[in-house]
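In what follows, a structure is listed as C-alpha cells, so that the remarks can point back to it.
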Amino acid sequence: MELKLTRPLAVFDLETTGVNVGADRIVEICILKISPDGKQETRTRRVNPTIPIPAFATAIHGISNEDVKDEPTFAQIAKSLATFLKDCDLAGYNSNKFDIPLLVEEFLRSDVDFDIKGRRFIDVQNIFHKMEPRTLVAAYKFYCQSDLTNAHAAEADVIATFEVLKAMLDKYKDAEYEDRDGKKSIPIKNDVATLHEFTFVTKNADLAGHLIYNDQNQEVFNFGKYKGKSVEDVFLKEPPYYDWMMKSDFPLSTKKVITAIKLRGFNKGASKQS
C-alpha cells in the first residue's frame, strides 16, 4: 500500500560516532524524500564528525576515520540540508528517540534554524514494537518476506524502513490495538497524522524524552530523583538543579526546553508579586 501524503515525507537514517545525543556526531546521513505525487529522491552524504570515530562504532557501520577525513563537516552542509528537509514530515527507525534528537542537535551546533514545530514524526520501530516486537532485519523479513542485505548501511536501512512502513499499512489495516489502559483502537491508518500519534510511547516535552507530559499536560522529569515531578516546581524550589542540568551532558535541545520552562516559572512569580 502506498502512503497517502499531504506534504513531503523524509525517511532518514544516521550512522554516528556513538549513541549519546549530546556528545556524539553524524558520520553518514541518508534521506529518502517522498513527495505527495509519489516522486522519490534519495540523498546520501558522509560527514566529517570532527571527533574520532570509536572502533566499536566502525565495527557496526564500517565507516572509519580515514573514510571521512576529507568529507565536509555537518556545519558545512547544514543550510543545504535544512533546505532539502523544509516542510517535510520525518520518519525513521528508532528516529523519535535517537535520529531526530541527534539531527536537531547537529543543526543547533551549526547555528542553523531547523524548526520542528508542526512536523509529524513517524517512528517505524515504535509501531513495530507495539505490534510485533523485533529488530529492523526481522521486521523486513516478517513484513517484506525477504532478507535485508547490507544492514547498517544508511541507504539500505532507509529503503528497508520505508518498505516496512508501507507493508505495515497492508498488514494492520483495520487491526485492533489495546493499550495498557485497556483502551481499544484501530491505529494503523494510511494517514501521517494518525501514524504520528501512534508512534509515541510517551508524550515527550523534549526530543530526547528526558521530560514528558503528565495527564495534566505538565512537563515532568522522566529520569532521576525527581522522576514524575513537575519541572517548573522543581526549578522553583531547587534552582541549583537547573544549573546542574545546564552544565551536564544533556542535549542542547533539552537545555533549550528547560530554559523556557524556567523563564516561564520566573515570569509567573514576577507577575504574582506585581
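A short reminder: the numbers here are calculations on the coordinates, not readings from a lab. These numbers were taken from a predicted model, which means no experiment stands behind them. Note: ideal-geometry Cβ built from the backbone for every residue, glycine included; neighbour counts use all protein chains shown.
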- Query: Between the stretch 112-167 and the stretch 207-274, what's the alpha-carbon centroid distance in Å?
  - Reply: 32
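What is the gain in length, in nm to one decimal, between residue 130 and residue 216 on full extension, counting 0.36 nm per residue of separation less the C-alpha to C-alpha distance? Mind dumping the intermediate values first?
Numbers: separation 86, 0.36 × 86 = 30.96 nm, distance 2.47 nm.
Extra length available between residue 130 and residue 216 comes to 28.5 nm.
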- Note on the structure: Rounded to the nearest 0.05, FRET efficiency between residue 237 and residue 82 (Cβ-Cβ, R0 41 Å) equals 0.60
- Task: Just subtract the alpha-carbon distance of residue 59 and residue 178 from 0.36 nm times their residue separation and send over the number in nm, one decimal.
- Result: 38.9 nm
- Task: Take the Cα coordinates of the stretch 54-114, assign each an equal point scatterer, and use the Debye formula without solvent to give log10 I(q)/I(0) at q = 0.17 Å⁻¹.
- Result: -0.75
- Beyond 22 Å between alpha-carbons counts as too far, so tell me which of 33/69; 184/225; 117/227; 4/33; 247/268 fall in that bin. 33/69; 184/225; 117/227; 247/268
- Query: Helix-derived [θ] at 222 nm for the chain: sum -39500 (n - 2.57) over DSSP H runs of at least 4, divide by residue count, nearest 500?
  - Reply: -12000 deg cm²/dmol
- Note on the structure: One point scatterer per Cα, no solvent, Debye formula: log10 I(q)/I(0) for the stretch 1-44 at q = 0.26 Å⁻¹ comes out as -0.84
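Given the convex hull of the Cα atoms of the stretch 162-214, what is a quarter of its surface area in nm²?
Values: hull surface 18.4 nm².
For the Cα atoms of the stretch 162-214, the hull's average projected area reads 4.6 nm².
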- Item | Share of alpha-carbon pairs per 5 Å distance bin for the stretch 130-189, given as whole % | 4, 18, 25, 20, 15, 10, 7, 2
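So which chymotrypsin sites (Phe, Trp or Tyr not before Pro) in the stretch 167-274 pass both tests, a DSSP loop state and at most 14 other Cβ atoms within 10 Å of the Cβ? Spell out each step's value before the answer.
Numbers: sites: 172, 177, 198, 200, 213, 221, 223, 226, 235, 241, 242, 244, 266; in loops: 172, 200, 223, 226.
Listed in order of number, the matching sites are 200, 223.
Averaged over all directions, how much area does the convex hull of the C-alpha atoms of the stretch 204-271 cover when projected, in nm²?
Details: hull surface 17.5 nm².
Result: a mean projected hull area of 4.4 nm².
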- With bins of 5 Å, the percent of all Cα-Cα pairs of the chain per bin from 0 is 1, 5, 11, 15, 17, 16, 14, 11, 6, 3, 1, 0, 0, 0
- Which residues in the stretch 26-56 place their backbone N less than 11 Å from a point set 7 Å from the Cα of residue 144 along the Cα-to-Cβ direction? none
- Report relative contact order for the stretch 211-273 in percent, whole number only (criteria: Cα-Cα under 8 Å, sequence separation at least 6). 21
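In the chain, which longest range has no GluC sites (Glu not before Pro) that are both DSSP loop (not H, G, I, E or B) and surrounded by at most 11 other Cβ atoms within 10 Å? Numbers along the way, then the final one.
Numbers: sites that count: 2, 176.
Longest gap between qualifying sites, sites excluded: 3-175.
Can you give the Rg to Rh ratio of the stretch 124-274, both from alpha-carbon atoms, with Rh computed by the Kirkwood formula?
Working: Rg = 20.3 Å, Rh = 18.3 Å.
That ratio is 1.10, to two decimals.
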- Task: Could you work out which residue, out of 110, 185, 230, moves most in a Gaussian network model of the chain, that is, has the largest mean-square fluctuation with Cα springs under 10 Å?
- Result: 185
- Query: Which FRET efficiency, nearest 0.05, do residue 35 and residue 225 yield, Cβ-Cβ r, R0 35 Å?
  - Reply: 0.15
- Query: Between the stretch 171-194 and the stretch 27-46, how many Å separate their Cα centres?
  - Reply: 28
- For the stretch 1-91, the Debye formula with one identical point scatterer on each Cα and no solvent gives log10 I(q)/I(0) at q = 0.17 Å⁻¹ as -0.76
- Restricting to Cα pairs under 8 Å and 6 or more apart, the percent relative contact order of the stretch 9-199 works out to 20
